[in-house]
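Have a look at the structure below, then the notes.
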Amino acid sequence: MDESRKNGLMARAWAAVRLEHADLWLKFFLALLGLGLAFAAALFSTVSRESGNVWATLILASAALMLATLVGLTTIPHLARRVVVSRLRDAVDYEVTRAGIMYVFATLLIGIAALNTGNNLLYIVLAAMLAAILVSGIISALVLRDLQLDVRLPEHVFAGRPVLGRILLRNPRKWLPSLSIHVVPSKRRKSVKRWLWEPSTFGFPPKRPPEQQWVRLPDRRVRRIVHDGSAPGIFEGSAYFPYVAPQAELSADLELRFQRRGRYSENSFGLATRFPFAFLTKTRRVPIERTTLVYPAIKPTDEFLDVLPMMTGEIEDERKLRLVFDNPAPGVLAADAYERAIQLAASLGWHFANEDADLSFAVQGYQGGTDIYRFLTYLALLEPQKQPSLIDTLPVTGDYNIVLTSRPRGSVPTALWNCSYMIFLGETVSAQRGQRTGVPEKLARARS
């Protein structure tokens, strides 16, 4: 044997016993120990029964069954997932139902009684009950086999508005139908909660608008956030198909509602059934990836109803309009205030787009042109970013501007001020209304 081959064999031998597989070896030896104890208990129970010791026979037989069941439920599945066929086994999920737990418990009782009494009728009943479990597994696998799934989502989705998604289920088999099929979303990973330090601003008095506070200092705050490791799922419910005939295709409409803007995705869906005896919920995962983008909510909020009449008078004769969203840096606006600002910008854009206005948009990093859906797509994923304000660099053109900014009053260039309607983010509706009515000259922003 040459040196290289010897080194290869030694490396494989060392890999077989290296520390990273210690859990595998530990479970393997525990399984051997448990099965050995179960076999010994079964042998001694037989000896006790022949000697006439009923209590010893009952205890030892019960111990043998319990040890074998414990090894089967805890060790064997873990070892099976480490073999070559793990991918095939992971394609199907199993969940024992309450009826299944009761049935297994009854099977164990009958098995103990059969071992203790030696009654042939009990053995026959036990065999029939075990056969029912086997038949249930085979039939449920046949019911789920070869089914084809398709999920269709609407093109445009707004937060807070219900939409319909369509689920298509097809049975390509020639003779065998499918019964009692549920289409379910993929299982979520457990969420992880942690505390996050983020930049903030300390202001005093605390309940006043930023420009009316006496003291404003850089600060940091702690916030509890939840990470689930993935984007939010598309739907939480299920669609039920009681009967799918051979070579038939059925559809079901499922109402979807997304409360927040952003990206939602599912990387797989499940076909689940409890047929025929409801012992197990068997779920076959179908690797279909679906992603939908949810636009910000479009609805008449207090801010929208407050500013729209004032802007309508300004642009009745001017059909060329530019909507400017000056994206603030992190920590400038509270999370709920930022979401209201995004929603206001989306609502204004949607309103004027439906009014056939000659509309354009300006946001840091936005290059989507004048299409309203591209603008809503950009707003759907927008987050506060530390970057220069648009106010100082925005070119003054022939457009009339609607500017949403967190900049303080008095910091807007005069040339932009004269051809714009300014909405100062972070201020309450009543404060903005009061300051506008109290300063009439700021309402007349005529074109220079």
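The values are calculated or read from the model by the stated rules, or taken from the named source; none is laboratory data. None of these values were measured; they are calculated from a predicted model. No Cβ is skipped: glycine too gets one built from the backbone with ideal geometry, and neighbour counts run over all protein chains shown. Accessible surface is based on the protein model in full, side chains and every heavy atom, while ligands, DNA and RNA are left aside. Shrake-Rupley method; radii C 1.70, N 1.55, O 1.52, S 1.80 Å.
HN-Hα J couplings of the range 259-265 from phi, Karplus 6.51/-1.76/1.60, θ = phi - 60°, integer Hz, Gly and Pro as x?
Each residue of the range 259-265 in turn: 7, 10, 5, x, 9, 10, 8 Hz.
Explain nothing, just compute: Karplus ³J(HN,Hα) = 6.51 cos²θ - 1.76 cosθ + 1.60, θ = phi - 60°, for every residue of the range 122-130 in order, whole Hz, x for Gly and Pro.
Coupling constants for the range 122-130: 5, 5, 5, 4, 4, 4, 5, 5, 5 Hz.
As a test of reading the structure, rank THR46, THR281 by solvent-accessible area (1.4 Å probe, protein chains only), most first.
Final ranking, largest accessible area leading: THR46, THR281.
Apply the Karplus curve 6.51 cos²θ - 1.76 cosθ + 1.60, θ = phi - 60°, to the phi angles in the range 142-149 and return the couplings in whole Hz, x for Gly and Pro.
5, 5, 8, 5, 6, 5, 10, 10
Output the peptides 413-420, 338-345 sorted from most to least packed, where packing is the average of other Cβ atoms within 10 Å over each peptide's residues.
338-345, 413-420
What is the set of long-range amide H partners of PHE202 at a cut-off below 5 Å, with H atoms built 1.01 Å from backbone N?
Here the answer is LEU217, ASP219, since their amide H atoms fall under 5 Å of that of PHE202.
Would you please give the residues with an amide H less than 5 Å from that of TYR295, counting only those at least 5 places away or on a separate chain, with H modeled from the backbone geometry?
VAL157, PHE158, ALA159
At a 1.4 Å probe, what is the % contribution of carbon and sulfur to the accessible area of the range 98-193?
Answer for the range 98-193 is 67 percent, counting heavy atoms of protein chains only.
Trypsin sites (Lys or Arg not before Pro), restricted to the range 115-167: which are DSSP loop and have at most 14 other Cβ atoms within 10 Å?
ARG145
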